[in-house]
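The structure appears below as structure tokens.
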Amino acid sequence: MGILYINNELLIDAWNGSASGKTFTATVSLTAGQKVPIKVEFAEKAGDAFILLEWESTRQPKEIVPVSQLYPLLSGINAAGTGVQVPYIRF
């Protein structure tokens, strides 16, 4: 179960129902070198759930977004204090 916002636009909404074993994709236009906010909310309903954030373009094969391209908020901790937010990604 999860949702994905990029640049404050809801791109994937798989919060309700079962997302087990499913792959969700979305297309967004981005500018190289420009940071944009991202928000991922994810909940484990049962079992060993996981989530991957991947990207690809016409010039780059699909890969997991490298940690070097993610930038945390200044505080680094979400409002509830229960996890780290990673709201910016550089493309």
Notebook entry, point to check: Can you pull out the residues in the range 26-43 that are surrounded by 10 or more Cβ atoms within 10 Å (Cβ to Cβ) and free of Cβ contacts under 8 Å to residues at least 40 places away in the same chain?
Noted result: A26, V28, E41
Item checked: Residue count, the range 9-24 (criterion: closer than 18 Å to W55 by Cβ and loosely packed, with under 10 Cβ neighbours inside 10 Å) -> 1
Notebook entry, point to check: Quick check, is A26 more than 18 Å from I6 (Cβ to Cβ) and within 17 Å of the chain's Cα centre (by Cα)?
Noted result: no
Notebook entry, point to check: Looking at the range 44-73, which of its residues are hydroxyl-bearing (S, T, Y), out of contact with any strand residue (DSSP E or B) (no Cβ under 7 Å at 6 or more places or on another chain) and either in contact (Cβ under 8 Å) with a residue 12 or more places away in the chain or not in a loop (DSSP other than H, G, I, E, B) (or both)?
Noted result: S57, S68
Check: When the residues of the range 1-37 are filtered to those that are charged (D, E, K, R) and not in a loop (DSSP other than H, G, I, E, B), which remaining residue is modelled with the highest pLDDT?
Finding: E9
Notebook entry, point to check: From the list V40, V86, which residue is of a type in the set (V, I, T), within 21 Å of A14 (Cα to Cα) and at pLDDT 70 or above?
Noted result: V40
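The values are calculated or read from the model by the stated rules, or taken from the named source; none is laboratory data. Computed from a predicted model, the values in this text were never measured in an experiment. As a convention, Cβ positions derive from the backbone with ideal geometry for all residues, glycine included, and neighbour counts pool all protein chains shown.
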